[in-house]
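As structure tokens, the structure follows; a few thoughts come after it.
The values are calculated or read from the model by the stated rules, or taken from the named source; none is laboratory data. These numbers were taken from a predicted model, which means no experiment stands behind them. All Cβ positions, even for glycine, are placed from backbone atoms using ideal geometry, and neighbour counts span all protein chains on display. Surface accessibility is based on the protein's heavy atoms, side chains included, excluding ligands, DNA and RNA. Shrake-Rupley method; radii C 1.70, N 1.55, O 1.52, S 1.80 Å.
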Amino acid sequence: RASARRAARVTTVSEYVRRDVLSRLRTDPARVVAIPNGGDRPNPRPVQPRAADRPYVLYVGGHEPRKNVHLVLCAMSAYWRRHAPDLGIRLTGSPASFPIDAASALDSLPHPQLVHFLGHPTDAELHTEYVHATALLMLSRAEGFGLPVLEAMVRGCPVVAAPLASLPEVGGDAACYVEPNDVDAVADAIHQLRTDSAVRAARVHAGHEQA
């Protein structure tokens with residue numbers, strides 16, 4: 001609070017964080033300014049097709065409880081149950097850092113062979129993952145910004161996100177918003193992006209505009 005009172009300006013990465021700063025620190029609103037993050041537009045370069053790979057959805061981020069990784073996994077289980085066990089999921093990091101609920105969800109999956117952990121990919125590797133993904137899943141309940149949403153949209157990857165925290169601000173009208181606890185609805189949103197080419201194209205175009 002003392003630092004915020006002394007500062008000529010307090011900058012935040014989103015209006016969501018700005019509101020939090022005003023509420024928690026009782027700072028003069030005129031001195032708190034949101035300056036959103038940006039996403040680098042990748043240099044145009046060919047990405048080799050990966051015909052041998054099965055289709056997949058992508059999760060990019062940490063594994064702390066607020067990230068709702070357990071719901072990401074539960075949504076995939078719902079997808080396999082409601083549609084078909086022919087869609088994989090790739091996640092950054094490793095299961096060693098999972099909280100208890102995510103570890104339990106992983107152990108309960110009916111098709112664990114469809115889960116692939118990427119570790120810590122390079123920027124070039126992550127670019128390729130975004131380009132090939134059916135969708136990015138971002139079901140966090142708390143995000144100051146949610147940079148993977150922007151990174152995905154820049155690369156033409158549709159986004160299925162929770163309508164929480166800063167995610168609607170970052171995703172605008174381009175993301176598909178689904179309550180994260182409704183894993184059946186998340187599964188159906190993924191299925192629509194995968195099977196309805198018109199909806200997918202509209203989301204990709206809107207994502208480029210939003211980015």
Which value, in debye to the nearest 20, describes the size of the charge dipole of region 63-211 about its Cα centre when Lys and Arg Cβ atoms bear +1, Asp and Glu Cβ atoms bear -1, and nothing else is charged?
200
Tally up the carbon and sulfur contribution to the accessible surface of the chain as a whole percent, 1.4 Å probe, everything protein left in place.
51
Output ordering of 64-77, 1-14 (per-residue mean of other Cβ within 10 Å, highest first) is 64-77, 1-14
For P(r) over Cα pairs in 5 Å bins from 0, in percent, several values are listed as (1) 1, 6, 13, 16, 16, 12, 8, 7, 6, 5, 4, 3, 2, 1, 0, 0; (2) 1, 7, 15, 18, 19, 15, 10, 7, 4, 2, 1, 0; (3) 1, 6, 10, 12, 12, 11, 10, 8, 7, 7, 6, 4, 3, 2, 1, 0; flag the one computed from this structure.
(2)
Under a crude label model (7 Å from the Cα following the beta-carbon direction), how far is residue 117 from residue 184 in nanometres?
3.2
Quick one: compute a quarter of the convex hull surface over the Cα atoms of region 133-194 and quote it in nm².
3.6
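How much area per residue is accessible in region 61-211 when the probe is 1.4 Å and only protein heavy atoms are counted (Å²)?
41
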Taking the Cα centre of region 1-148 as the origin and placing charges on Cβ (Lys, Arg +1; Asp, Glu -1), which of 119, 69, 30 is farthest toward the positive end of the dipole?
30
Roughly how many nanometres apart are two label points built 7 Å out from the Cα toward the Cβ at residue 131 and residue 107?
3.9
Highest-first arrangement of 122-134, 17-29, where packing means the average Cβ count within 10 Å:
122-134, 17-29
Taking every DSSP bridge whose two residues both lie in the chain, the antiparallel percent to the nearest 5 is 5
About its Cα centre, how strong a charge dipole does region 127-207 have in debye, to the nearest 20, once Lys and Arg get +1 and Asp and Glu get -1 at the Cβ?
240
For every helix of n ≥ 4 consecutive DSSP H residues, a contribution of -39,500 (n - 2.57) applies; sum these over the chain, divide by its total residues, and give [θ] at 222 nm rounded to the nearest 500 deg cm²/dmol.
-12500 deg cm²/dmol
In nm, to one decimal, how far is the modelled label at residue 30 from the one at residue 54, with both set 7 Å along Cα→Cβ?
6.0
